[in-house]
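The values are calculated or read from the model by the stated rules, or taken from the named source; none is laboratory data. Here the structure is a predicted model, which is why all the values come from computation and not from measurement. A quick note on method: Cβ atoms are made from the backbone with ideal geometry, for glycine too, and the neighbour counts reach across all protein chains shown. Only protein heavy atoms, including side chains, enter the accessible area calculation; ligands, DNA and RNA are left aside. Shrake-Rupley method; radii C 1.70, N 1.55, O 1.52, S 1.80 Å.
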Amino acid sequence: GQIKFERFRYDNCDAGMNGDCDFFFTNIKIVGGDGTEHTIGRRDAPKNKDNVDLTTVIPEITTVKLTADNAVTLSLEIWEDDSSSGDDLLITITNEAVEFDDVESGSGWKDKTYNYKNGDAELTISRRIMSCNEHFTGAGCNSCADTKKTGEYCTQCLDSKKMGNYCTQCADSKKIGPDCDECADSKKTGPDCDECADSKKTGPDCDECADSKKTGPDCDEC
């Protein structure tokens, strides 16, 4: 996936800050699902009112590997540069989970807004998924591309009776048919295909007469 910064809003620029906020952003770090850390140095956004266009302040697009939960983590600090009384740390974000579950692969950028300081501050970032890993598709890449498959890695057959790369083989070698509910051996029957279809017959191959007094192909001769 990829992440970029869109906007930062802070509603209290007029509260003791002479109407302007000289923001700066530090310790920006995005950690991917493989543990790779992507860091961005300090960025300044002076003379702002309520909103900061982060597409110009932090223009980087970060490419990351998603976790199994379709997320990465974000950390950063947002400050207000106050030369008269010292810098003010407004917001600290530590390992905030940035999820991609609502992002469709190949559908472009999708914004997500996070609220801080009781709603007085908002950080909006945008996310997109360039392509899903093998076997996956859909929003967050958490659907199996092959509708016959299921499981964490989309390698299991949805129909437990089936097996194989295309889930067209019967998992039970004794079964055949489109639904794997027919006995491969026509002489057998039952849920496990271990009963003789002809009640007159017995034996491993159902070729012996169940009644020892009988004989013949149909076990109807004495």
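Given the structure, is Thr189 within 30 Å of Gly32 (Cα to Cα), open to solvent by 50 Å² or more (accessible area, probe 1.4 Å) and among the β-branched types (Val, Ile, Thr)?
Judged against the criteria, Thr189 is not a match.
Return the only residue of Val57, Val64 being of a type in the set (A, V, I, L, M) and within 17 Å of the chain's Cα centre (by Cα).
Among Val57, Val64, only Val64 is of a type in the set (A, V, I, L, M) and within 17 Å of the chain's Cα centre (by Cα).
Here is a check on your reading of the model: is Ser126 in contact (Cβ under 8 Å) with a residue 12 or more places away in the chain, out of contact with any helix residue (DSSP H, G or I) (no Cβ under 8 Å at 6 or more places or on another chain) and more than 30 Å from Thr26 (Cβ to Cβ)? Break it down stepwise before answering.
Details: in contact (Cβ under 8 Å) with a residue 12 or more places away in the chain: yes; out of contact with any helix residue (DSSP H, G or I) (no Cβ under 8 Å at 6 or more places or on another chain): yes; more than 30 Å from Thr26 (Cβ to Cβ): no.
In short, no.
Every residue, every condition in (1) within 30 Å of Cys144 (Cα to Cα); (2) of a type in the set (A, V, I, L, M); (3) without any contact (Cβ under 8 Å) to a residue 40 or more places away in the chain, yes or no:
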| site | (1), (2), (3) |
| --- | --- |
| Lys162 | yes, no, yes |
| Pro204 | no, no, yes |
| Ala210 | no, yes, yes |
| Lys214 | no, no, yes |
| Pro217 | no, no, yes |
| Glu221 | no, no, yes |
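Considering only residues of segment 192-202 that are open to solvent by 80 Å² or more (accessible area, probe 1.4 Å) and among the acidic types (Asp, Glu), which is farthest from Asp146 (Cα to Cα)?
Glu195
Just the residues that are within 28 Å of the chain's Cα centre (by Cα), of a type outside the set (Lys, Arg) and either loosely packed, with under 15 Cβ neighbours inside 10 Å or at pLDDT 90 or above (or both), please, taken from segment 1-33. Give the steps one after another, and end with the answer.
First pass over segment 1-33, keeping only residues within 28 Å of the chain's Cα centre (by Cα): 1-8, 27-33.
In the following step, the residues that additionally are of a type outside the set (Lys, Arg) were identified as 1-3, 5-6, 8, 27-28, 30-33.
Listed by number, the residues that qualify are Gln2, Ile3, Phe5, Glu6, Phe8, Asn27, Ile28, Ile30, Val31, Gly32.
So Gly164 clears everything in (1) of a type outside the set (Ser, Thr, Tyr); (2) over 22 Å from Phe25 (Cβ atoms); (3) surrounded by 15 or more Cβ atoms within 10 Å (Cβ to Cβ); (4) at pLDDT 90 or above except one condition, right? Which one?
So Gly164 meets the others, but not (3).
Assess whether Asp120 counts as being touching a residue at least 40 places away in the same chain (Cβ under 8 Å), farther than 20 Å from Thr73 by Cα and of a type in the set (Asp, Glu).
Taking the combined requirement at face value, the residue satisfies it.
So, in segment 149-158, exactly how many residues are surrounded by 16 or more Cβ atoms within 10 Å (Cβ to Cβ) and assigned to a loop (DSSP other than H, G, I, E, B)?
1
Could you list, in sequence order, the residues of segment 53-109 that are open to solvent by 20 Å² or more (accessible area, probe 1.4 Å), farther than 30 Å from Gly151 by Cα and assigned to a loop (DSSP other than H, G, I, E, B)?
Those that are open to solvent by 20 Å² or more (accessible area, probe 1.4 Å), farther than 30 Å from Gly151 by Cα and assigned to a loop (DSSP other than H, G, I, E, B): Pro59, Glu60, Ile61, Asp81, Asp82, Ser83, Ser84, Ser85, Gly86, Asp87.
Among the residues of segment 34-42, is there at least one that is over 27 Å from Asn133 (Cα atoms) and outside any strand (DSSP E or B)?
yes
Out of segment 173-183, which residues are touching a residue at least 12 places away in the same chain (Cβ under 8 Å), surrounded by 14 or more Cβ atoms within 10 Å (Cβ to Cβ) and over 25 Å from His135 (Cα atoms)?
Within segment 173-183, Lys174, Lys175, Cys183 meet the criteria.
Counting only residues that are of a type in the set (A, V, I, L, M, F, W, C), under 30 Å from Lys148 (Cβ atoms) and surrounded by 11 or more Cβ atoms within 10 Å (Cβ to Cβ), how many does segment 110-136 have?
Here the count works out to 3.
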